[in-house]
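The values are calculated or read from the model by the stated rules, or taken from the named source; none is laboratory data. All values reported here derive from a predicted model rather than from experimental measurement. Glycine also receives a Cβ, built like all others from the backbone with ideal geometry; neighbour counts cover every protein chain displayed.
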Amino acid sequence: MRFVMDHIVLNVEDDEKMMAFYADVLGLAVERLEEYRQGKIPFPSVRLNAETIIDIFPKKMWDPQARSGDGVENMNHFCLVASDKQEFQRLLERLAARLVDIKEGPVSRWGARGMGTSVYFSDPEGNLIEVRHYD
């Protein structure tokens, strides 16, 4: 199976500071900023390249389980894209055959290429993985 990276999600303390850093220091384009500031969407993103974005999750979106000790885990999850719907279906079959618990999905979610269908599951050390396909 071949995957490409779709997006990474960062839990952030100061969303404006993080967006400014990625825009001003790294020169990345901030996407959906006005919609975010108007409260129309829950988070903004910065574009790494044509296929990959970094989502900036403000504190209100953090999963309480993302916290570790006195600190905070700053990576929420990463997302891979299956090459097509059939590959996505084969992955679902392998997850079921290996008794891997799907935590959420299939659900429709926003990603680097717009809306797609995603499932969420964890690796053996608890890292949350999202795999999706686009129609």
- Query: Would region 87-97 turn up any residue that is more than 25 Å from HIS133 (Cα to Cα) and touching a residue at least 24 places away in the same chain (Cβ under 8 Å)?
  - Reply: no
- Message: Which count do you get for residues in region 1-43 that are over 17 Å from GLY114 (Cβ atoms) and touching a Cys at 6+ places or on another chain (Cβ under 8 Å)?
- Response: 1
- Residue hits (region 98-135; among the basic types (Lys, Arg), touching a residue at least 60 places away in the same chain (Cβ under 8 Å) and not in a loop (DSSP other than H, G, I, E, B)) are ARG132
- Are any of the residues in region 103-111 out of contact with any Ser or Thr (no Cβ under 9 Å at 6 or more places or on another chain) and not basic (Lys, Arg)? no
- Item | In region 36-62, residue modelled with the lowest pLDDT [restricted to those that are surrounded by 13 or more Cβ atoms within 10 Å (Cβ to Cβ) and part of a helix (DSSP H, G or I)] | MET61
- Query: Being more than 13 Å from the chain's Cα centre (by Cα) and more than 21 Å from ASN11 (Cα to Cα), is that true of even one residue in region 118-130?
  - Reply: yes
- Task: Those residues that are among the hydrophobic types (A, V, I, L, M, F, W, C) and either assigned to a helix (DSSP H, G or I) or touching a helix residue (DSSP H, G or I) at 6+ places or on another chain (Cβ under 7 Å) (or both), I need them from region 11-28; list them, please.
- Result: VAL12, MET18, MET19, ALA20, PHE21, ALA23, VAL25, LEU28
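Restricting attention to region 74-95, does a residue exist that is β-branched (Val, Ile, Thr) and modelled with pLDDT of 90 or more?
Going residue by residue through region 74-95, those that are β-branched (Val, Ile, Thr) are 81.
Retained after the next criterion (residues that are modelled with pLDDT of 90 or more): 81.
Scanning region 74-95, I find at least one residue that is β-branched (Val, Ile, Thr) and modelled with pLDDT of 90 or more, so the answer is yes.
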- Item | Count of region 96-135 residues which are closer than 25 Å to VAL46 by Cβ and hydrophobic (A, V, I, L, M, F, W, C) | 8
- Any chance GLY105 is modelled with pLDDT under 95 and of a type outside the set (S, T, N, Q): no
- Task: Answer yes or no: is there a residue in region 80-87 that is surrounded by 13 or more Cβ atoms within 10 Å (Cβ to Cβ) and over 26 Å from LEU10 (Cβ atoms).
- Result: yes
